[in-house]
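> Encoded as structure tokens, here's the structure I'll be asking about.
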Amino acid sequence: MSRDCRLYLITPPILLPDFERQLAAALDAGGVAALQLRLKDVPDDDLLRAIDRLRPIAQSRDVAFLLNDRPDLAVKSGCDGAHVGQTDTPVKQARKILGDLTLGVTCHNSRHLAMEAGEAGADYVAFGAFFATQTKEPPEMAEIDTLKVWAETMEIPCVAIGGITAENCAPLVQAGAEFLAVVGAVWNHAQGPAEGVRAMLKAIADA
């Protein structure tokens, strides 16, 4: 089963001083549905400053700006929503905090967790990691069949995440992922982030 698939960018673990320029170039390459700001173990003030730097760049290009882990700060700072993991703010609590804003939930390789998230009000669920990734240590690897069965049977959109590149993404697109979440494939691309986005979009189209 193949659905329309779009790109979901996640920020790199460290934001360099010229990251605004890189982000603008990446988003101007087109086809990006959402940007998640994911900065771990930073003080709230630093996180809010990063939001103020990046949120206008995304929102002015009609790209949803989501904050990792912190639905409270997402509301406070004008984000479009938040993404929570299994050890972050509980889904029901995050849903209450966010109101009508977008809520995404990490579900690893578990359709059961995804169904619980959907029942608690998640707007999308994320499965992964599907491939080896240097961004974070996943508790387990996800199977493409988990994604495929979910896409075939459930209405809640699914995001595939974890080590995804232009070279390996085709099976995920074909399985029905509605979004591919990428980090290194864009920010570490040899020709720069804009070319990274273009390469991913071409791979999605070719799949």
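> Filter region 77-101 for residues that are under 24 Å from residue 142 (Cα atoms), in contact with a Leu (Cβ under 9 Å, 6 or more places away or on another chain) and without any contact (Cβ under 8 Å) to a residue 40 or more places away in the chain; which is surrounded by the fewest Cβ atoms within 10 Å (Cβ to Cβ)?
86
Matching residues to (1) buried (at least 18 other Cβ atoms within 10 Å of the Cβ); (2) in a strand (DSSP E or B):
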residue: 9; (1), (2): yes, yes
residue: 25; (1), (2): no, no
residue: 54; (1), (2): yes, no
residue: 58; (1), (2): yes, no
residue: 65; (1), (2): yes, yes
residue: 75; (1), (2): no, no
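> Let me spell it out: the conditions are (1) in contact with a Phe, Trp or Tyr (Cβ under 7 Å, 6 or more places away or on another chain); (2) under 21 Å from residue 16 (Cα atoms); (3) among the acidic types (Asp, Glu), and residue 52 meets all of them except one. Which number is the exception?
The single condition residue 52 does not satisfy is (1).
> Moving to a separate point now. From the list 3, 21, pick out the single residue that is of a type in the set (Lys, Arg), out of contact with any helix residue (DSSP H, G or I) (no Cβ under 6 Å at 6 or more places or on another chain) and either assigned to a strand (DSSP E or B) or at pLDDT 95 or above (or both).
Criteria check complete, one pass: 21.
> Would you tally the residues in region 162-185 being in contact (Cβ under 8 Å) with a residue 60 or more places away in the chain and outside any helix (DSSP H, G or I)?
Residues that pass the stated criteria total 8.
> Has region 156-168 got any residue that is of a type outside the set (Asp, Glu), under 20 Å from residue 15 (Cα atoms) and out of contact with any Gly (no Cβ under 6 Å at 6 or more places or on another chain)?
Yes; the residues of region 156-168 include at least one that is of a type outside the set (Asp, Glu), under 20 Å from residue 15 (Cα atoms) and out of contact with any Gly (no Cβ under 6 Å at 6 or more places or on another chain).
> Would you pick out the residues in region 71-86 that are of a type in the set (Val, Ile, Thr) and under 16 Å from residue 39 (Cα atoms)? Step through it out loud before you land on a result.
We begin by selecting, within region 71-86, every residue of a type in the set (Val, Ile, Thr); these are 75, 84.
Within region 71-86, just 84 meets the criteria.
> Answer yes or no as to whether residue 86 is more than 16 Å from residue 178 (Cα to Cα), part of a loop (DSSP other than H, G, I, E, B) and either touching an Asp or Glu at 6+ places or on another chain (Cβ under 6 Å) or not aromatic (Phe, Trp, Tyr) (or both).
On the way: more than 16 Å from residue 178 (Cα to Cα): yes; part of a loop (DSSP other than H, G, I, E, B): yes; either touching an Asp or Glu at 6+ places or on another chain (Cβ under 6 Å) or not aromatic (Phe, Trp, Tyr) (or both): yes.
The answer is yes for residue 86.
> Only one of 63, 91, 75 is within 28 Å of residue 152 (Cα to Cα), modelled with pLDDT of 95 or more, β-branched (Val, Ile, Thr) and over 15 Å from the mean Cα position of the chain (by Cα). Can you tell me which? Spell out the reasoning first.
Details: 63 fails: over 15 Å from the mean Cα position of the chain (by Cα); 75 fails: within 28 Å of residue 152 (Cα to Cα).
Going through 63, 91, 75 in turn, just one is within 28 Å of residue 152 (Cα to Cα), modelled with pLDDT of 95 or more, β-branched (Val, Ile, Thr) and over 15 Å from the mean Cα position of the chain (by Cα): 91.
> Shifting gears a bit: Among residues belonging to region 32-60 that are at pLDDT 95 or above and in contact with a Pro (Cβ under 8 Å, 6 or more places away or on another chain), point out the one that is farthest from residue 194 (Cα to Cα).
39
> Could you say which residue among 199, 160 is buried (at least 17 other Cβ atoms within 10 Å of the Cβ), closer than 16 Å to residue 30 by Cα and either of a type in the set (A, V, I, L, M, F, W, C) or in contact with a Phe, Trp or Tyr (Cβ under 9 Å, 6 or more places away or on another chain) (or both)? Steps first, answer last, please.
Working: 160 fails: closer than 16 Å to residue 30 by Cα.
Among 199, 160, only 199 is buried (at least 17 other Cβ atoms within 10 Å of the Cβ), closer than 16 Å to residue 30 by Cα and either of a type in the set (A, V, I, L, M, F, W, C) or in contact with a Phe, Trp or Tyr (Cβ under 9 Å, 6 or more places away or on another chain) (or both).
> Right, another one. Among (1) part of a helix (DSSP H, G or I); (2) within 26 Å of residue 107 (Cα to Cα), there is one condition residue 49 misses while meeting the rest; what is its number?
(2)
The values are calculated or read from the model by the stated rules, or taken from the named source; none is laboratory data. Please read these numbers as outputs of a predicted model, since none were measured by experiment. Using ideal geometry, Cβ is built from the backbone for each residue, glycine included, and neighbour counts are taken over all protein chains shown.
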